[in-house]
Amino acid sequence: MAIFYRQYRPQTFAEIVGQNHIKITLEQEIASGNIAHAYLFCGPRGIGKTTLARVLAKAINCEKRKKREFEPCNTCRACREITAGSSLDVVEIDAASHTGVDNVRENIIANARLAPSANRYKVFIIDEVHMLSVSAFNALLKILEEPPAYVVFVLCTTEVHKIPTTIISRCQRFDFKRINVSDISKKLAYIAEKEKIKVDKKILDAIARHSEGHM
């Protein structure tokens with residue numbers, strides 16, 4: 001049975017539901033070439049932090065994206081590899097299971113010192129970054145202070161108050177909002193139509209309300 005979450009996960013900025021205040025800023029940065037070296041995505045679960053991080057990684061590495069454009073093509077080698085999760089230059093780390101300083105040194109610092117294998121940028125997506133230990137944060141801080149030009153960090157967290165201010169100050173921070181009921185209902189209707197499933201709009205609206213803003 002197909003997993004709708006994976007099958008319909010957004011692959012472009014246009015497909016991401018809500019978070020327009022964040023998308024517009026990132027789109028302008030990508031189009032102008034002014035990419036930050038570190039981003040901090042804050043907000044509740046299930047609202048698009050990791051999804052947007054992956055789209056960002058694709059957009060800045062897309063081989064067919066032209067100047068002043070921001071959407072990834074999703075057809076070039078880099079886009080396909082990142083979509084499939086097989087790119088050596090996009091490293092996703094779950095900080096909840098890699099809390100220690102040794103893991104940060106091995107998985108992030110040592111890896112960051114190596115140039116990208118095939119892409120323009122090496123992107124580190126660290127989920128639940130607030131789970132890192134104090135010593136791990138100190139190790140991460142050093143490379144955030146003087147990152148290689150080809151490295152981009154995307155730190156994702158549901159509890160930003162647990163992150164040291166020294167880390168926050170070195171990132172471009174974005175606060176994600178819960179998705180409104182109307183947008184969630186529209187997305188569910190789109191999926192139902194694609195899957196040729198008949199569902200009453202009232203049911204979709206009820207599901208959207210009970211989701212409490214989480215996609």
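Of 35, 47, the residue with the largest accessible area leads and the full order is 35, 47 (1.4 Å probe). Angle, helix 181-194 long axis vs. longest principal axis of the chain, Cα atoms, 0 to 90°, nearest 10? The helix 181-194 is inclined about 70 degrees to the chain. A simple spin-label model places the labels of residue 80 and residue 12 1.8 nm from each other, with each point 7 Å out along Cα-to-Cβ. To test your reading of the geometry: what angle, between 0 and 90 degrees and rounded to tens, separates the Cα axis of helix 49-61 from the longest principal axis of the chain? Once rounded, one gets 70 degrees. Over the range 24-180, Cα pairs under 8 Å with separation of 6+ residues give a relative contact order of 34 percent. For the range 157-180, the residues whose amide N sits under 16 Å from a probe point set 7 Å from the Cα of residue 45 along the beta carbon direction are 157-160, 178-179. Taking label positions 7 Å along the Cα-Cβ direction at both residue 166 and residue 36, the computed distance is 2.0 nm, reported to one decimal.
Our summary gives the range 134-215 a relative contact order of 30 percent, counting only alpha carbon pairs under 8 angstrom and 6 or more residues apart.
Per-residue SASA remark: residue 200, around 90 Å² accessible (1.4 Å probe; ligands, DNA and RNA not included).
Mind jotting down the distance between the C-alpha centroids of the range 18-90 and the range 188-207, whole Å? For the range 188-207 versus the range 18-90, the Cα centre distance is 28 Å. Remark: the chain carries 54 Å² of accessible area per residue (probe radius 1.4 Å; ligands, DNA and RNA excluded). Specify the angular offset, from 0 to 90 degrees and rounded to the nearest 10, of the alpha carbon long axis of helix 201-210 from the longest principal axis of the alpha carbons in the chain. Result, in degrees: 40. Measuring only protein heavy atoms, the 1.4 Å probe finds residue 190 accessible over about 100 Å². Any lysines with Cα under 16 Å of the residue 49 Cα? List them, leaving off those in the same chain fewer than 8 positions away. The reachable lysines, counting only those whose Cα sits under 16 Å from residue 49, are 23, 58, 177.
The values are calculated or read from the model by the stated rules, or taken from the named source; none is laboratory data. Note that the coordinates shown come from a computational prediction; the quantities given were computed from them, not determined experimentally. Cβ coordinates were reconstructed from backbone atoms using ideal geometry, including for glycine residues, and neighbour counts include every protein chain displayed. Side chains are part of the model used for accessible areas, which takes the heavy atoms of the whole protein and leaves out ligands, DNA and RNA. Shrake-Rupley method; radii C 1.70, N 1.55, O 1.52, S 1.80 Å.
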